[in-house]
Amino acid sequence: MAVARAATIASRDQVLEAAELVCVMRTEKVGSAWAAHNNRFHGLLEDAGGGPRLATILGEIREVTEAHICASITVQAGLMRVADAEHEEILRAVIAGDAEAAADATFRHLNGRLHGMLAIRGCPRE
């Protein structure tokens, strides 16, 4: 919801910063550094499109999940590059001002990471 809104109201500076983070993540080799950039990328777009209450809630969720994301990308070979491509898709939708595509790309990205984290923890998929 926040990223969909960001597609319609994000400032030029916010979009440029998000693009810079995508570029940095593409070349990052260290999982913990990549996870920190990932956190900043999502936070930037969520803050651009969310109100203060939503930004706080999403920030708390990012804090809780950052360690799990770092563990996932360490265990699952190639996951950083898959996520990089997904981040680019999200960013393209935001740049295009396409709220629906931004929401869809973000949902697929987050849903994929959730299923990946559950698989690492041995949770069966229904």
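At a glance:
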item	result
In range of the label at residue 33: residues from segment 73-88 whose backbone nitrogen is under 17 Å from the point 7 Å along Cα→Cβ	73-74, 80-81, 84
Most mobile listed residue (17, 60, 28) in the chain, GNM with C-alpha springs under 10 Å	60
Relative contact order %, the chain, counting alpha carbon pairs below 8 Å whose residues are six or more apart	36 percent
In nm, spacing of pseudo-spin labels at residue 74 and residue 1 (7 Å Cα→C-beta vector)	3.4 nm
For the chain, alpha-carbon Rg relative to the globular expectation (2.2 N^0.38 Å, N residues)	1.01
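Quick note: the coordinates plus some simple rules give every number you see, no bench work behind them. Since the model is a prediction, treat every value here as computed from it, not as a measurement. Because the Cβ atoms are built from the backbone with ideal geometry, glycine has one as well, and the counts that use them run over all protein chains shown.
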